[in-house]
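The values are calculated or read from the model by the stated rules, or taken from the named source; none is laboratory data. Only a predicted model underlies this, so the values are computations on that prediction, with no experimental measurement involved. FYI the Cβ positions are ideal-geometry reconstructions off the backbone, even for glycines, and counts take in every protein chain you see. Heavy atoms of the whole protein, side chains included, go into the accessibility calculation; ligands, DNA and RNA do not. Shrake-Rupley method; radii C 1.70, N 1.55, O 1.52, S 1.80 Å.
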Amino acid sequence: MTTRDVDTPLGPARVTVDDPIRDVVGTLLLGHGAGGGIEAPDLLAATDAATGLGWRVLRVEQPWRVAGKRVAAAPPKLDEGWTAIHGEVGDLLTGPVVLGGRSAGARVACRTAASLGAAGVLCLAFPLHPPGTPEKSRAAELTGVAVPVLVVQGDSDAFGGPTEVQVALGDHPATVVAVRGDHALKADPPAVRAAVQAWLSALP
């Protein structure tokens, strides 16, 4: 594991690189949520799954987090920072590139998938709507992704459970996997790891 600081128009960001023990077959960029960092249990589980399959994982700390701020930047700024980071780590992007993250990071991955040429999008605890306000749906961010999508969702997630996500997806061919737990996805990291492993293994 190594780390690299990269410059963005929003200030420095930090990228933690986890390499597999064999030749790299692809790259997974993972972003954190609005209330936590890259050590979240689900991000670590996804990292373990990917590196075990030969993928390089880049866990990205957005500029606002590196700066020590407690409140996440607005979505356009998150996307701007993410896009700049992607451009700065081009030398590390081997093979197909999958974008992903947890919660707010998953939303960023969805919104930037097309412009960054992603081969797939991994959503951990996608926040379908704010708690208690299902009418404020963010389903369009998911359904707007044209490449394969995996959504790993806690069965008691107040931001939208697996069934809600599946209904919101409609005919969109995303894969939704329900795991035990709430929005934090801390209850069953092995289940998260298994879901990511199976999906990455099946990517075209």
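Do we find that R56 is surrounded by fewer than 19 Cβ atoms within 10 Å (Cβ to Cβ) and either farther than 20 Å from A118 by Cα or of a type outside the set (S, T, Y) (or both) in this structure? When the stated conditions are applied, R56 does not pass them. Of all residues in the range 64-78, none satisfies being free of Cβ contacts under 8 Å to residues at least 60 places away in the same chain, of a type in the set (F, W, Y) and buried (at least 24 other Cβ atoms within 10 Å of the Cβ). Among the conditions (1) in contact with a Leu (Cβ under 8 Å, 6 or more places away or on another chain); (2) part of a loop (DSSP other than H, G, I, E, B); (3) within 15 Å of K186 (Cα to Cα), A72 misses just one, which is (3). Within the range 57-114, being out of contact with any helix residue (DSSP H, G or I) (no Cβ under 9 Å at 6 or more places or on another chain) and among the hydroxyl-bearing types (S, T, Y) holds for T94, S103.
Residue-wise test of (1) modelled with pLDDT of 95 or more; (2) of a type outside the set (S, T, Y); (3) within 12 Å of C110 (Cβ to Cβ).
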{"position": "S137", "(1), (2), (3)": "yes, no, no"}
{"position": "L142", "(1), (2), (3)": "yes, yes, yes"}
{"position": "A158", "(1), (2), (3)": "yes, yes, no"}
{"position": "V179", "(1), (2), (3)": "yes, yes, no"}
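Considering the conditions (1) open to solvent by 40 Å² or more (accessible area, probe 1.4 Å); (2) more than 23 Å from L10 (Cα to Cα); (3) in a loop (DSSP other than H, G, I, E, B), A178 is excluded by exactly one of them, (3). In this entry, A198 passes the filter for residues that are surrounded by fewer than 20 Cβ atoms within 10 Å (Cβ to Cβ) and in a helix (DSSP H, G or I). For the range 111-135, a residue qualifies if it is farther than 23 Å from Q197 by Cβ, part of a loop (DSSP other than H, G, I, E, B) and in contact with a Leu (Cβ under 9 Å, 6 or more places away or on another chain), and the qualifying residues are L116, L128, P134.
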